[in-house]
Structures are given as C-alpha cells and as structure tokens.
Amino acid sequence: MSQITLNVPDISCEHCEKTVVGALQDQPGVKAVKVNIPAKTVNLDYDDNSLSLQQVKEILDGEGYPVAGVSS
C-alpha cells in the first residue's frame, strides 16, 4: 500500500471534493481518499500494484483537476 498527498490547486469547494472522491474511490486498489479543500490536497491510500500514480493523475486530469505535485 502507498500513501501519497497530491497537490491539486483547482480544488475550491465541496463540489470539487465530491467529484475527486467519486472519481477515485471506486478505482481498483483505492482504500481511502480524503480531500482537504483549504490546503487544496488529496490524501490517497492505495495499492500501487493495482493503480499507478500516472493513472491517478490521468483520472483527476480527466475530471478537470490536474495534479501540480505529489508528496509521500
């Protein structure tokens, strides 16, 4: 399992949070998704054997929330 924090500058409201959580929570290997609106971050707990970081970035980009940075 991997735990990462994604910097997503376009997160600004509860609608953004619901969209991001909805896009990620049902992906294979995702254990937990938590959005921090004021910090504009997404904390993701996932199995990197089932889902790659690149796939996560592509999913969020497809929803209109490009990832600006990643930390672990």
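Taking segment 1-26 as the range and being assigned to a helix (DSSP H, G or I) and either closer than 16 Å to V70 by Cα or touching a residue at least 12 places away in the same chain (Cβ under 8 Å) (or both) as the test, the residues that pass are E14, C16, E17, T19, V20, V21, A23, L24. Of everything listed in (1) touching a strand residue (DSSP E or B) at 6+ places or on another chain (Cβ under 7 Å); (2) surrounded by 12 or more Cβ atoms within 10 Å (Cβ to Cβ), the single unmet condition for S72 is (2). Just checking, does segment 49-65 include any residue being outside any strand (DSSP E or B), open to solvent by 70 Å² or more (accessible area, probe 1.4 Å) and touching a helix residue (DSSP H, G or I) at 6+ places or on another chain (Cβ under 7 Å)? There is at least one residue in segment 49-65 that is outside any strand (DSSP E or B), open to solvent by 70 Å² or more (accessible area, probe 1.4 Å) and touching a helix residue (DSSP H, G or I) at 6+ places or on another chain (Cβ under 7 Å).
Quick check on my filter: what residues within segment 27-46 are under 18 Å from H15 (Cα atoms), out of contact with any Leu (no Cβ under 9 Å at 6 or more places or on another chain), in a strand (DSSP E or B) and open to solvent by less than 50 Å² (accessible area, probe 1.4 Å)? Across segment 27-46, the qualifying residue is only V35.
Taking only segment 1-26 into account, find how many residues are hydroxyl-bearing (S, T, Y) and either buried (at least 17 other Cβ atoms within 10 Å of the Cβ) or under 14 Å from K57 (Cα atoms) (or both). Residues that pass the stated criteria total 2.
The values are calculated or read from the model by the stated rules, or taken from the named source; none is laboratory data. From a predicted model like this one, the values you see are computed outputs, not experimental measurements. Neighbour counts are summed over all protein chains in view; Cβ atoms, including those assigned to glycine, are modelled from backbone coordinates with ideal geometry. Note: accessible area is taken over every heavy atom of the protein model, side chains too, but ligands, DNA and RNA are not part of it. Shrake-Rupley method; radii C 1.70, N 1.55, O 1.52, S 1.80 Å.
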